[in-house]
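These notes concern the structure reproduced below.
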Amino acid sequence: MKLFLFALIATIFCGTKKDLVENKKFNNYKVTDTIKNVDTLLIGDLNSDKIPDTIFRIYPQMINVTADYDGDCVNNACEVTFKFSFTDQQIVIYNAIGAGIENLGDINKDGFSEFSIFPHWYIGCWGRIQYFTFKNNEWKNFGFARANICEEFTFEKHVKIISTKKIKVMEVFPNKDYSEMLQRYKTLKLD
């Protein structure tokens, strides 16, 4: 009887996986704090099975951290790893101490969502947004676009879907003397 009451209370207060999917309460929310350099993210249904998928974002191990210094990557391994609940295939982003990820939806209509990853580094705001698709049971990087990652909170507006095989992504970059910001669209193919 106690087990039944516990399950009933948990369902009433927390809801079910089906509730999360139907109400879209899972989209782009970090559901745990960084514990031992791992975040657990619910970013949506990436493989069309109607269940929100979990992404584990693993940060590099840091040493020599002080109040005035961000530290050094252990063994110079400054990389962020993304692991996914529905596959054993992972993505490793090199030369990064952090990285954001954004679900772009199923652009090519193959049942798997495409998404962007934008790495973070110690200094500077200029980076490359990298675009990924899942094909033949592995993650494929199908292009990048330069961006100011310090000023942007979401990169969804940088993407225009042309067809199921092509997207246009906005690049933002400084001119030669860094006196003004330039923008242009670049076409990427989802091969």
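The values are calculated or read from the model by the stated rules, or taken from the named source; none is laboratory data. Bear in mind that the values here come from a model prediction, so they are computed numbers and not experimental data. FYI the Cβ positions are ideal-geometry reconstructions off the backbone, even for glycines, and counts take in every protein chain you see. Accessible surface is based on the protein model in full, side chains and every heavy atom, while ligands, DNA and RNA are left aside. Shrake-Rupley method; radii C 1.70, N 1.55, O 1.52, S 1.80 Å.
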- Between their Cα atoms, which of Lys135/Lys168; Lys83/Lys186; Lys83/Lys140 are more than 18 Å away from each other? Lys135/Lys168; Lys83/Lys186
- Message: Out of the total accessible area of the stretch 88-191 (probe 1.4 Å, heavy atoms of protein only), what percent is carbon and sulfur?
- Response: 49 percent
- Message: Ordering Met62, Met170, Met181 by accessible area with a probe of 1.4 Å, largest first, what comes out?
- Response: Met181, Met62, Met170
- Query: Rounded to the nearest whole Å³, what is the per residue volume of the convex hull around the Cα atoms of the stretch 51-92?
  - Reply: 73 Å³
- Query: If you project the alpha carbons of the stretch 112-175 onto their three principal axes, what span does each projection cover, largest first, in Å?
  - Reply: 36, 24, 20
- Query: Residues with amide H under 5 Å of Ala99's amide H, sequence separation 5 or more or different chain, H placed in the peptide plane at 1.01 Å from N; which?
  - Reply: His120
- Relative contact order for the stretch 47-178, counting Cα pairs under 8 Å that sit 6 or more residues apart, in percent: 16 percent
- Task: At a temperature of 37 °C and a viscosity of 0.692 mPa s, determine how fast the stretch 74-142 diffuses translationally according to Stokes-Einstein, using the Kirkwood radius over alpha-carbon pairs as Rh; express D in µm²/s, rounded to the nearest whole number.
- Result: 253 µm²/s
- Return the tail of the calculated pair distribution for the stretch 46-191, meaning the percent of Cα-Cα pairs more than 27 Å apart. 28 percent
- Item | Selection of trypsin sites (Lys or Arg not before Pro), the stretch 96-191, meeting DSSP coil and at most 12 other Cβ within 10 Å | Lys109, Lys165, Lys176
- Task: Name the long-range amide H neighbours of Met62: under 5 Å, sequence gap of 5 or more, or other chain; modelled H, no Pro or chain starts.
- Result: Val74
- Message: Expected output is a single nm value to one decimal: the length gained when fully extending between Asn75 and Lys189, i.e. 0.36 nm times separation in residues minus the C-alpha distance. What is it?
- Response: 37.5 nm
- What are the residues whose amide H is under 5 Å from the amide H of Leu190, where those residues sit 5 or more places off or on another chain and H is modelled from the backbone? Lys166, Ile167
